[in-house]
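A quick write-up on the structure given underneath.
The values are calculated or read from the model by the stated rules, or taken from the named source; none is laboratory data. None of the values given here were measured: they were computed from a predicted structure. Cβ placement follows ideal geometry from the backbone for every residue including glycine, while neighbour counts extend to all protein chains displayed.
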Amino acid sequence: MLLNVNNLSVSFGGVHALNLDHFSLRDKELRVIIGPNGAGKSTFLDIICGKTKADKGEILFNGKAVTGKTEVAIAEMGIGRKFQKPSVFPGLTVHDNLLLAAKMKKDIFSSLFFKPTAALADRIHAVATKLSLTTVMYKMAGDLSHGQKQWLEIAIVVLQDPTLMLIDEPAAGMSDEETEKTGALLLELSKAHSIIVIEHDMKFVEQIARELVTVLVRGKRLMEGTFAEVKNDQRVIDCYLGRTNAQLETL
Amino acid sequence: MKTKNNPLYYILFIAIFAILLPAGYMSGLISVNTISVWGRYFCFAIAALGIDLIWGYTGILSMCQAFFFCLGSYGIAMHLLLKKTMATGAVLPDFMAWNKIETLPLFWQPFQSFGWTLLLCLLVPALIAFAAGFVLFRSRIKGVYMAIITQALTLAMWLLFLRNETNLGGTNGLTDFKTLLGYDLSSSSVKLGLYMISFTMLCAAYFGCYRITHSKFGKVLQAIRDSESRISYAAYKVVDYKLAIFVVAALLAAVGGMLYLPQTGIITPGRMDVKASVEMVMWVALGGRGNLKGAVIGALLVNFLYSVCTSLFPDSWLFILGFLFVITVLYFDKGFMGLANSIKQRFSTGSFKTSQTPL
Amino acid sequence: MRNIFLKQLPALLLGATALFSSCNNGTSKAGSSDSTATKETVKIGVLHSLSGTMAISEVSLKDAVQMAVDEINAKGGVLGKQIEPVIVDPASDWDLFAEKAKELLIDKKVSAVFGCWTSVSRKSVLPVFEQNNGLLFYPVQYEGEECSNSVIYTGATPNQQLIPAAEYLMSEKGGGYKKFYLLGTDYVFPRTANKILKAFLLSKGIPKENIIEEYTPFHHQDYQTIISKVKRFAADGKACILSTINGDSNVPFYKEFANQGLSSATCPIMAFSVAEDELRSMDTEFLVGHLAAWNYFQSNDLPENKKFVADFKAFCTKKGLPGGDKRVTDDPICWAYTGVYLWAKAAEKAGSFDVSKVRNALYGLDFPSPDGLVKMDPRNHHLAKPVVIGEIKPDGQFDIIWKSAGLVDPQPWSPLTSPDKDCDWVNHNGTYAKK
Amino acid sequence: MKISFTPRWILLICLLLARLAGTAQDSASIYTAQLLQPSADSVRTHAIGRLAALRIPATFPLLMAINDKKLYLLDQKAVTIDSKPSGEGTYRLYTLYPENTLMKNSSGQPLLFPLSALQAVDIPRGDRLQLAGIASLLNLYSNDAQKRILAYTQLKNTGDSSAQQLLQDALARETNTDASRTGKDVLYAAKLHGATNAANAKAYIDSITDNWSDNAPVLLRSYAKSGFFNQEVATYAAEKAASLEKRYDGLQRIQNFFSGLSLGSILILIALGLSIVYGLAGIINMAHGEFMMIGAYTTYCTQLFFTNVLGIPQTDFFFIAALPISFVVAGALGLLLERLVIRHLYAKPLESLLATWGVSLILIQTARLLFGDLTAVKTPLLLTGGWQVSPHLTLPYNRLFIIALTLVMVLLTYAMLYRSRLGLQIRAVTQNRQMSACLGIETRRIAAVTFFIGSGLAGLAGCAITLVGNVVPDMGQTYIVDSFLVVVTGGVGKLAGTILSGLGIGFFTKVLEAFFQAVYGKVFILVFIMLFMQYKPKGLFPDKGRIAED
């Protein structure tokens, strides 16, 4: 197992945001996590990548403990993260965004005396092509459309070349066509990387969920299974329907 | 939109300050006083470059640059004062003799040698910046918190330097220097020399900062400014980068201070009070932050205005500066350089880009 | 694009040159506006802060200098020349003091400069004056221990203010006080003043434990802790405070003093930095009955003074200055005014505006100031003058309760703290070691 | 009632009296009369000299009036005035000789006269100097308790044995507790030193201890050192002194505690507005201190308005009026600033810091041009002096008032924020601006109202600060960095945090000040805060949850 999570819990001001008894991920697996709002999906990824500190529990990545490490150390272990809200460097060009992300030595002196190499340029170009960013290479990242920003962030994660990618709602705010393209891309990436994807869009989930899907509800793991199993599970349906009803009632 | 680097700006700048002004002095059109005054502005501009690096590029508003500036000044001042004291045959600088101090305090000892002085002038601010930065950045203090804590740090140091017991001359500071490395500070040629050194240092500092900001290191800094979390998930140690640039900025401020001292002839804690530290940031804000040219021009222009206005409009110069600050922040958030760029664009493209002036 | 700029280059260079020359000439406009261009003039510089924190005190000195200049000009000027004051604003910025001093001496070539209030501003311009052979008339009481050839100190030296005040408090008439709390703002004048006072008190047999020295930062507003210390200190009577508290800290200090139940009857405060001009619009209620030591009070009833006070009020009213006829005179104002006359008289005596000649003419020169006849020291650049102690009245004026018998000679080096030093520019080269 | 004796009449009567009896009392009458003779200089000098030598208590009030330069004639009768005016520039009068009484009218009310109605008698300095020797005795008969306290302490120092009787007489008349305490101290000390056996000495030591005066420990210590009777009495005295000192140290601690509370409440008062504005609008208002200055000048102007326009000086009404006025004026100017400048800068804290710094320069210079000088507001009579809890502990009324005002304002702010609809809207906008706007809250209006309240609170703080300090154009700068520290330490936009950190910083400053000098106290505070931020980088009460960390 690449990732092993046991008894992980965190709470904010008395509310249990996450209380996960067990979660594991194989190498080169693409796992989709679904669940209603506030189920603790993003919090789970936050804990893995070091943004949020867990109250208790352990996370083993390649057999090494992740909890308690800094974001940088975790990134160096080979975990990359794409956020729900696209997080890029708006004041830099797309090219510079990609250049900063690319895997290389990242200490001060290497940065100060960095010289671009042909191999690196090729790599950046290859990833940019894959994500249709070549035409906007020298545009400020802040001036990109929402979808382009999403792709840029994915490109940033890809260039980091992590073992495990944590992708939070990649299809949010995208057109159907873009969504499909994103799905295809994720599937391709999963050949070389382990990926955890959080998604709401069931159509998209159906496209990419070739293996297991995990359902989180109120911070707990409700069930785990193939997409078909999950789709037909009564508890999952209740949970989603109940949420819809609740929303209808409040409106 | 990046403006292409037009070498003409540099030619113009060097022509005015390295040729026109000294030539004006030689021919008697411009007094040595004016030369000295501009030499001092250059020192401010050097410090302003540091502020631009830390604030404009990295997004950390540090209000303690004035303190680092003073550290540089005080170091050189201590050396000059000891030299002068030795020349007159006394054992201690006169203010210490009045304070009934018998022996030279330990921390004054190294300043008897010029080499040590230079080293300490750079080392002390760097170490303080490192220590303060380490504590502040490690605990992820940023934004407003950073600004206020550094301002409070400056305030505390100001209070400390005001005290006579600190043995740095209290409110009177250090003054009345005679020679630097044997050159008479009051002679016109030395003043011109210091002016040229300051100008050269400014150019060197500019070049250095230009190289830094255009390297990948500079891009990491801007990335920190834009999204600190993103860059740390990309495996960059943000604390290291911040610390490095904080130290560089402190060094630039100290260099400015070191050159400032012999041209002004006095350093007092007044150089690092709340007013002084905010004003230093204002130079960069007015010139245009995140733009090295802006920092230099801002520092030169604001100080020039200050000198002129205090003579011409003693009652209303504060209004002029105050309004300038408010209007710049409100309407030209990229400062003079942003304004100049948008005007230039208007001329070159015939259409006014409103994106430059958000309302 | 480059072409446009190449075309603009000469114009820009021209513009830049214009900028610098404006920098050079900019300041002359301010001062010369009311000078008489037709007659031959002699320039003097006025270097008082007109903005910033020190403006409160220094603006009045600028007015006093201006008034003296107007009077002298009305009487025909000096050596047949009208005086033209060049007024600049150093803006309470110590570095700017040095810059403006250079401007006055090098660019404006003034014959003498009247200015500065704080010790730090004086120390800031001192090297400028020494290097450029200038002459500064400094009108404020100071800590001594300085003896520059380029400064004429018309304010008091420590022995002309501090020592008589302490002597008075120790005397039978003054209340026979035995315990002294030396309280000041933390800067060089209070520090040096208290050092001299302490040496004096110790020499008079006051035991060490009966003298407390304490300092507060500038603009200190909260005197609770200190006053409760004073209260304990004064519990067994016979204690007084010698205050060198500066500027805006005074009101909170006196208020807290009264509110914690102390009064001038139980523990009087002798202030060395509170004069009529500061009391002008202060709430004097808490200050009444406390003391101050100076060389001059507006309440001095000499006819010369009555005329001076009336003239000053008339001058301020005529010029439409803030305050108008409610303006008051005080010690520094008197000496700023007297300074101009001393310079004019010395120039007449020397027959020249040359700095060294004027300086030589100043030794031993006397002048009927508003404070009576005062006399320059025959050997150094200080002024011999009477010492007075006053009690604060509700109207912000002083009741003179003690006056020295005759003029008190200045001692720039206090014999208490520097017994081996003296200042003599006639027989020695400034400060010298006494045998 | 009108008394119309000419001096000559008095002289005649006095001479007559003197002939008849020939006692010292009568010669006093003669000299007293001579004193008031307008023409005879040498006679007067001699008379004062004689009176000083005779030391007759009945003449003391008169002599004291001379010594204090408060001798007046009212219809040719020698009178003196109270030390402080009672009413608008009018004074109560006392007759001086032979009776020293308060002058009343027929209905028993004290007569009030302005100084202009009295004829001041100017006794030359030389004459007055003759009284210097007995000044302390004279003061025993002063109407001013402070003077009497001084007199008692001076009697002790003269060590005059004949003075003991005078002291006892005076103590019998004494009405003021402070003065009586001081007097008793002197009396007991004299008796203690004159005690003839150990039991007596111990009894006096007990009396001194029970008297609880400021000076008691010093007295006992010096007695213990002198070691009169035997070691036992000396030890007894030393023990008593030690126990007293311990109690006094305890009181001193309470005083320090109070000082901390008072400084803390000033900081809270200033930081309250700052905190709300920052929390809501993300504005670092560097001009906040200047709104305080505006509040202080408003108070000053209100005072001027009351004395000069309404013509009612010497009342406390102006201050009561100034409280709401300064709130409204500062608030209104804050609103203006919000309209003109701030609304372009929402959620841009660093930009707002710079712009408002420019505003503060403008405001300072405007105040300097308008008011020019160092000014100070008269403290309302009600708030002068202090509540004397014990001889060692005085809590000044002005500071008590500020603490109370802070308490009230904190409660009002709390009620406004957590118990009103407006507060709900403010909190909503503070947490999520966009969402609030979607829910139909007029965020702009809410922001403006908040700015009004924040600036108003600063104005109120300025008004309160006139009670302890003065009014100068750059007074705001003194407090601004400190109050920002309070906000930052407490966690921005957190009411509870602001209060806690304000009190904390106030206490710490005062505690440190008691051990070190004021300057080092400040430096230490800063170091503490920096270390504190290591553990709580977002202040005492940071936001929790996922959103907070973006």
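Please find, within the range D:323-351, the residue that is surrounded by the fewest Cβ atoms within 10 Å (Cβ to Cβ) out of those that are in a helix (DSSP H, G or I) and within 8 Å of chain B (Cβ to nearest Cβ).
Across the range D:323-351, the extreme among qualifying residues is D:His344.
Against the condition within 11 Å of chain B (Cβ to nearest Cβ) and either at pLDDT below 85 or loosely packed, with under 14 Cβ neighbours inside 10 Å (or both), how does A:Met140 come out, does it pass?
no
Any chance you could count how many residues in the range B:280-314 are in contact (Cβ under 8 Å) with a residue 60 or more places away in the chain, within 30 Å of D:Lys348 (Cα to Cα) and within 14 Å of chain C (Cβ to nearest Cβ)?
4
Between C:Ala361, C:Ala310, C:Ala346, which is free of Cβ contacts under 8 Å to residues at least 60 places away in the same chain and farther than 29 Å from C:Lys109 by Cβ?
C:Ala310
Residues of the range C:235-268 being assigned to a helix (DSSP H, G or I) and of a type in the set (D, E, K, R), which ones?
C:Asp248, C:Lys255, C:Glu256
Give the residue, chosen from C:Phe97, C:Phe129, that is touching a Pro at 6+ places or on another chain (Cβ under 6 Å), outside any loop (DSSP other than H, G, I, E, B) and on the phi < 0 side of the Ramachandran plot.
C:Phe97
Looking only at the range B:76-94, count every residue that is over 28 Å from the mean Cα position of the chain (by Cα) and in a helix (DSSP H, G or I) and tell me the total.
Residues flagged as over 28 Å from the mean Cα position of the chain (by Cα) and in a helix (DSSP H, G or I) within the range B:76-94 amount to 5.
So, D:Ala234, is that one assigned to a helix (DSSP H, G or I) and not assigned by TED's automatic domain parsing to the domain that holds D:Val408 or not?
Here the answer is yes, as D:Ala234 does meet what is asked.
Could you please find all residues in the range A:203-226 being in contact (Cβ under 8 Å) with a residue 60 or more places away in the chain and in a helix (DSSP H, G or I)?
Within the range A:203-226, A:Val205, A:Ile208 qualify.
I'm trying to understand the selection: among the residues of the range C:245-298, which are of a type in the set (Val, Ile, Thr) and modelled with pLDDT of 85 or more?
C:Ile245, C:Ile269, C:Val274
Going by the conditions given, is C:Leu287 within 14 Å of chain D (Cβ to nearest Cβ), of a type in the set (A, V, I, L, M, F, W, C) and in contact with a strand residue (DSSP E or B) (Cβ under 8 Å, 6 or more places away or on another chain)?
yes
Residue by residue through the range C:366-393, note down the ones that are part of a loop (DSSP other than H, G, I, E, B) and within 20 Å of the chain's Cα centre (by Cα).
C:Pro370, C:Asp371, C:Asp377, C:Asn380, C:His381, C:Pro386, C:Val387
Of all residues in the range D:268-311 being in contact (Cβ under 8 Å) with a residue 12 or more places away in the chain and outside any helix (DSSP H, G or I), which is surrounded by the fewest Cβ atoms within 10 Å (Cβ to Cβ)?
Across the range D:268-311, the extreme among qualifying residues is D:Gly282.
Run B:Leu12 past the list (1) facing another protein chain (nearest Cβ under 7 Å); (2) closer than 26 Å to C:Phe97 by Cα and report the number of the one that doesn't hold.
It fails just one condition, (2).
Take B:Leu174 and tell me if it is facing another protein chain (nearest Cβ under 7 Å) and closer than 18 Å to B:Arg271 by Cβ.
no
What pairs come out if I take residues in the range D:412-428 that are farther than 16 Å from D:Gly454 by Cα and pair them with residues that are in a helix (DSSP H, G or I) whose C-beta lies under 6 Å away, six or more apart or interchain?
Sorted first by the residue in the range D:412-428, then by its partner, the pairs are D:Ala428/D:Ser436.
Check A:His95 against each of (1) within 9 Å of chain B (Cβ to nearest Cβ); (2) farther than 22 Å from A:Leu166 by Cβ; (3) modelled with pLDDT of 85 or more and name the one condition it does not meet.
So the condition that A:His95 fails would be (1).
Please tell me if C:Gln141 is more than 17 Å from C:Ala336 (Cα to Cα) and not charged (D, E, K, R).
no
Hey, among the residues in the range C:183-228 that are at the interface with another protein chain (Cβ under 9 Å from one of its Cβ atoms) and farther than 25 Å from D:Val471 by Cα, which one's nearest to the chain's Cα centre (by Cα)?
Here the answer is C:Val188.
Scan the range B:147-167 for residues that are at pLDDT below 85 and more than 8 Å from every other protein chain (Cβ to nearest Cβ) and jot them down.
B:Glu165, B:Thr166, B:Asn167, listed by residue number.
If I go through the range C:158-211 residue by residue, how many of them are more than 11 Å from C:Ser243 (Cα to Cα), outside any helix (DSSP H, G or I) and touching a residue at least 24 places away in the same chain (Cβ under 8 Å)?
The qualifying residues number 13.
The conditions are (1) more than 14 Å from chain B (Cβ to nearest Cβ); (2) assigned to a helix (DSSP H, G or I), and C:Ile152 fails exactly one of them. Which is it?
In the conditions (1) more than 14 Å from chain B (Cβ to nearest Cβ); (2) assigned to a helix (DSSP H, G or I), C:Ile152 misses (2) alone.
Could you count how many residues in the range C:234-272 are more than 10 Å from every other protein chain (Cβ to nearest Cβ), over 25 Å from D:Asp178 (Cβ atoms) and free of Cβ contacts under 8 Å to residues at least 60 places away in the same chain?
1
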